[in-house]
Amino acid sequence: MGEICHAVLPLPIPASIYGLLLLLAALRFGIVKLEQVKEVGLFLTSIFPLLFVPAAAGVMELWAEMGEMLLPIVIAIIPVTVLVLVSAGRTTQALTSRRAARKEAEHD
């Protein structure tokens with residue numbers, strides 16, 4: 001489905017992102033149950049660090065060419081890392097407070 005969306009829609013979004021959004025919508029609307037994908041999700045998150053090995057090997061291979069660009073790379077990486085940490089933290093806080101409010105409303 002993600003590949004179809006990528007082929008049909010004129011947006012510069014990878015098919016894998018469309019697929020993740022479709023899976024999120026299917027989970028949210030109950031089309032797919034969490035139990036149906038939980039085992040695969042746990043497996044993928046357990047091997048997640050291994051997925052970065054090829055990227056790290058590529059960086060090590062190109063280290064000589066990247067040496068002269070090290071300062072701009074570091075200048076770009078630091079704010080992006082902070083932005084990702086802040087947005088992930090805010091999202092987690094919002095979801096946690098929403099879940100707590102929902103539980104509190106159920107108890108009333």
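Could you please find all residues in segment 41-75 being closer than 30 Å to L20 by Cα and of a type in the set (D, E, K, R)?
Scanning segment 41-75 gives no hits.
Run down A7, A25 and say which single residue is of a type in the set (A, V, I, L, M) and closer than 22 Å to L95 by Cα. Spell out how you get there, then give the answer.
Values: A7 fails: closer than 22 Å to L95 by Cα.
On inspection, the qualifying residue turns out to be A25.
All of the numbers you see were taken from the coordinates with simple rules; none came from a lab. Everything numeric in this text was worked out from a predicted model, so none of it was measured.
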